[in-house]
Each structure stands twice: as structure tokens, then as C-alpha cells.
Amino acid sequence: MHQQAQIPDPQTRAQSVARWREVNQQIDLLTLQLDELIAMVETGLREQRLVRLQGKAEITNR
């Protein structure tokens, strides 16, 4: 039949919880780093668009 899952002993559970907390912290850090990268790319794109639009405005004003 089916084997029932056994609850690990307290020490094993504590080690697993500690590892999962560490993994969660690493994921949070990576998420923040990706957010920073996205913000940098968005800033670059806005600056490029601004330069492009200012260039078109100068041509129109001539």
C-alpha cells in the first residue's frame, strides 16, 4: 500500500528550516538585485528616448 510520510526529528526539522531561511534570504537578495538592474535599464531607455525626442524637436524648430 502507501507508505505514510514520517515527520522528521526536531534536529532535522530545525536544520531544514535554517536552510530554507537561508535560501529565502538569497532569493530576496537576488530579487532586489534584479529590481536594481531593471531600474537601471528603464533609466537608460528613458534617457535615450529623451535625447531622441529632443533631437526631433531641434529639427522641427529649424
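The values are calculated or read from the model by the stated rules, or taken from the named source; none is laboratory data. These figures come from a predicted structure and were not determined experimentally. Every residue, glycine as well, gets a Cβ built from its backbone with ideal geometry; the counts of neighbours run over all protein chains shown.
Only residues in the range 1-22 that are loosely packed, with under 10 Cβ neighbours inside 10 Å count as the first member; pair them with residues that are among the basic types (Lys, Arg) and modelled with pLDDT of 90 or more, Cβ under 9 angstrom, at least 6 apart or cross-chain, and list the lot.
Going by the 9 Å Cβ cut-off, the qualifying pairs are ILE7/ARG13.
Could you please let me know if ALA39 is modelled with pLDDT of 95 or more, among the small types (Gly, Ala, Ser) and within 14 Å of the chain's Cα centre (by Cα)?
yes
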